[in-house]
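**Q** Next up is a structure, given as structure tokens.
Values in this text are rule-based calculations from the coordinates and carry no lab data. Just so you know, these numbers come straight off a predicted model, no measurement behind them. Every residue, glycine among them, receives a Cβ derived from its backbone with ideal geometry; neighbour counts consider all protein chains shown.
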Amino acid sequence: MKIVELLRELGFNEQLLGSSTCVVSKLQTLTEKDVLKIREALAKYRHTRFMKSFSYHLPFGTKEAYVKEIMAADLDKRADLIRIFGFLMQTKVYLF
């Protein structure tokens, strides 16, 4: 399942994914089963920006370290990753 579909299914508002407070409040209302679904979806979707958020000292992180950190991430870190995902899924329009 794609992250976008999962977030829609869990009741996240796509326009408010950039707001940390809205994402944190929504994450607090989720069950442990739903949180596990989010962790698994984030572990499957290994964008370089996500991997960089866990490995500050390396240009790109390793897959194994990323999956381990995703499964151990706290509420604020998960909210930060969802906020980053919201930014990445925006359609960018450039005027030249």
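**Q** Cα to Cα, under 18 Å, and not fewer than 8 places away if on the same chain: which aspartates and glutamates meet these conditions relative to K63?
**A** E40
**Q** Holding the Cα-Cα limit at 19 Å, pick out from K37/K77; K52/K77; K44/K92; K2/K44 the pairs that are longer than that.
**A** Pairs exceeding the cut-off: K44/K92.
**Q** Take the Cα pairs of the chain, get the Kirkwood Rh, then feed it into Stokes-Einstein at 25 °C and 0.890 mPa s and tell me D in µm²/s.
**A** 177 µm²/s
**Q** Where does the charge balance sit around L36 when Lys and Arg score +1, Asp and Glu -1, over other residues with C-beta under 13 Å from its C-beta?
**A** Counting the neighbours of L36, the net charge comes to +2.
**Q** Please identify the trypsin sites (Lys or Arg not before Pro) of segment 7-96 that satisfy two criteria: DSSP loop assignment and at most 16 other Cβ atoms within 10 Å. Which are they?
**A** R46, K92
**Q** Please rank D74, D34, fewest neighbouring Cβ atoms within 10 Å first, as an exposure proxy.
**A** Lowest count first: D74, D34.
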